[in-house]
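Novice: Have a look at this one before I ask anything.
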Amino acid sequence: MKGSLIMQIIVADNYDSMSKRAANIIASQITLKPDSVLGLATGATPTGTYQELVRIYQEGRISFNDVVTFNLDEYYGLERVNEQSYWYYMYQHLFQHVDIKMENVYIPNGRAADVEAECRDYEEKISTRGGIDLQLLGIGRNGHIGFNEPDIQFEALTHLVKLDNETIEANSRFFSSIDEVPREAISMGIKTIMKSKKILLLASGEEKAKTVYRMLNHKITPELPASILQLHQAVTVILDKAAAALLVAATYKKL
Ligand code: GLP
């Protein structure tokens, strides 16, 4: 593996085991720092993690009372109440089930009239809240993180992005037709993500195996946005066996 030697790679037996490991790491973060600032992700991958976090909360083992959250991204043009908005997703999968204060929840406003001001404001809020302690990430099939598509500028902060056709197609599984998938989104930039103190990236399924392999072995280039993570100081990657299929056994720690 090129780049960071401190990236921890964990291969879990399956999706459930990956989700439990991830939830335990987040729960531990909250336990050690009850007012943690969490960066959160959407997509199919983290739903099991949120489910497990809710379970841990329901058992009375953690509280979100002082937790602050910033989501990675939001589709541009969708209202919060749209079932495909990331706001709706977060509410359904996590926020409605735990004791988080909604004034501590931040997700880019996909209906902002002044997008530039919205992006600037989002960055300012992250700074005011002390920066992100732990950022959860999934990974797109094309190597995107958040909605930072290939060829993004690494130095970008929160900004409006144009979605790749591959992403539009991949995400169309959540919409009733591909025409309904928004073509733009507001996303934290790579620089925003890299400023997080810790990063936890999850990938599941064989369709991610090649992307994961490339993320860890490819040269660091905007063509593969996730490759930048090789340079972060504290990244944990949790994969299920299918997503880890192309990695050499020696490069990961077996559970
Ligand atoms: C979306 C999100 C990403 C997510 C990616 C992978 O495009 N913006 O944050 O990581 O899809 O999603 P999935 O977990 O459904 O494969």
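Novice: Which cross-chain or sequence-distant (5 or more) residues have an amide H under 5 Å from the amide H of GLU184, H modelled 1.01 Å from N in plane?
Specialist: When sequence neighbours closer than 5 places are left aside, the close amide H contacts are TYR76, LEU163.
Novice: Identify, among ILE190, LEU201, ILE25, the residue whose Cα sits farthest towards the positive end of the charge dipole of region 6-254, taking +1 on the Cβ of Lys and Arg and -1 on the Cβ of Asp and Glu, with the dipole about the Cα centre.
Specialist: Going by the Cα projections, it comes out as ILE25.
Novice: Hey, another quick one. Skip the ligands, DNA and RNA, and give the accessible area per residue of region 85-147 with a 1.4 Å probe, whole Å².
Specialist: Details: 2660 Å² over 63 residues.
Normalised by residue count, the accessible surface of region 85-147 is 42 Å².
Novice: Using the Kirkwood formula over every pair of different C-alpha atoms, what hydrodynamic radius in Å results for region 160-248?
Specialist: Final number for the Kirkwood radius of region 160-248 is 14.7 Å.
Novice: Using a 1.4 angstrom probe on the protein heavy atoms only, line up SER176, SER127, SER187, SER28 by accessible area, largest first.
Specialist: SER176, SER127, SER28, SER187
Novice: Something else now. Accessible area of the chain with a 1.4 Å probe: how many percent of it is carbon plus sulfur?
Specialist: It is 48 percent, rounded to a whole number.
Novice: Along the charge dipole of region 6-254, Cβ charges K/R +1 and D/E -1, which of THR128, HIS232, GLN84 sits furthest on the positive end?
Specialist: Towards the positive end, the residue furthest out is HIS232.
Novice: Let's test this: bin the Cα-Cα distances of region 6-254 at 10 Å from zero up to the farthest pair and state each bin's percent.
Specialist: Answer for region 6-254: a P(r) of 8, 33, 39, 19, 1, 0 percent.
Novice: Less than 15 Å Cβ to Cβ from TYR89, Lys/Arg counted +1 and Asp/Glu -1: what total charge do the surrounding residues give?
Specialist: With Lys, Arg at +1 and Asp, Glu at -1, the neighbours total -2.
Novice: Quick one: how many lysine pairs does region 125-242 have with C-alpha atoms less than 21 Å apart and a gap of 8 or more or different chains? Give me the count, please.
Specialist: For region 125-242, qualifying lysine pairs total 11.
Novice: Moving on to the next point. Can you tell me the dipole magnitude for region 6-254 around its Cα centre, using point charges on the Cβ only (Lys, Arg +1; Asp, Glu -1), in Debye to the nearest 20?
Specialist: The calculation lands at about 1060 debye.
Novice: Quick one: Debye curve from the alpha-carbon atoms of region 123-212 only, equal weights, vacuum; give me log10 I(q)/I(0) at q = 0.13, 0.19 Å⁻¹ to two decimals.
Specialist: For the requested q values the scattering log ratios are -0.48, -0.96.
The values are calculated or read from the model by the stated rules, or taken from the named source; none is laboratory data. Quick caveat, the model's predicted, so the values are computed rather than measured. As a convention, Cβ positions derive from the backbone with ideal geometry for all residues, glycine included, and neighbour counts pool all protein chains shown. These area figures cover heavy atoms from the full protein model, side chains too; ligands, DNA and RNA do not enter into them. Shrake-Rupley method; radii C 1.70, N 1.55, O 1.52, S 1.80 Å.
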